[in-house]
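Contents: one structure, followed by commentary.
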Amino acid sequence: YPKHLPSLIQERKTLKIIKTTIKKGFRIVEIKDRPVFESHITPEGKLPSARGIYVNYIQIDNLIILPEYKLPKYKSTFDYNEFNKKQMQQEGFEVKTINCDNLGKLGGGLRCISWCF
């Protein structure tokens, strides 16, 4: 979670506790996720954009279907997409990517659509 959002202080504390606990018996795979800005949360209750949420991937056995996004800056797009793909490959997964820009605009992701089948 981004450090610049005071509203996420408790979530960051909880995340730290979870990380400390799972280090004792789980592998941790770092994933770069796009920053979440409060401006994405709409007061009208509309769905906020999910563009850039890389943790919303699907795992089927040894295959990871990983979202890709075209972020506002080309360098960020390349860095995030490549970093996450390499991280999963280093863990021994076969990785396939799919662009999720349009899906993310509607507030959903790969796991969301997998519940529809």
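Residues whose amide H comes within less than 5 Å of that of THR97, counting only those at least five positions distant or on another chain, are LEU66 (H built at 1.01 Å from N in the peptide plane). The length gained on full extension between LYS96 and GLU11, counted as 0.36 nm times the residue separation minus their Cα-Cα distance, comes to 27.6 nm.
State the extension gain, in nm to one decimal, for the chain segment bounded by SER76 and THR20, taking 0.36 nm per residue of separation less the distance between their alpha-carbons. The partial results should precede the final answer.
Values: separation 56, 0.36 × 56 = 20.16 nm, distance 2.88 nm.
Length difference between fully extended and current span is 17.3 nm.
Using only the C-alpha atoms, the convex hull of the range 47-95 corresponds to 65 Å³ per residue.
Using a 1.4 Å probe and counting only protein heavy atoms, arrange ASP61, ASP101, ASP33 so the residue with the most accessible area comes first. Kindly include the intermediate steps, with their values, before the conclusion.
Numbers: ASP61 135, ASP101 20, ASP33 60 Å².
Output order, biggest surface exposure first: ASP61, ASP33, ASP101.
Model label sites at SER114 and PHE83, defined 7 Å from Cα along the beta-carbon direction, differ in position by 2.3 nm. Report the local net charge at LYS19: Lys and Arg +1, Asp and Glu -1, summed over other residues whose C-beta lies under 14 Å from its C-beta. My count for the surroundings of LYS19 gives +4.
Structure shown: which of LYS16/LYS85; LYS13/LYS85; LYS23/LYS105; LYS75/LYS96; LYS13/LYS73; LYS16/LYS96 lie over 26 Å apart, alpha-carbon to alpha-carbon? Violating the 26 Å Cα-Cα cut-off are LYS13/LYS85; LYS23/LYS105; LYS13/LYS73; LYS16/LYS96.
The values are calculated or read from the model by the stated rules, or taken from the named source; none is laboratory data. Since the structure is predicted, the reported quantities are computational estimates derived from the model, not experimental observations. Virtual Cβ from ideal backbone geometry, glycine too; neighbours counted across all protein chains shown. Remember, those area values only see protein heavy atoms, side chains included, never the ligands or the DNA or RNA. Shrake-Rupley method; radii C 1.70, N 1.55, O 1.52, S 1.80 Å.
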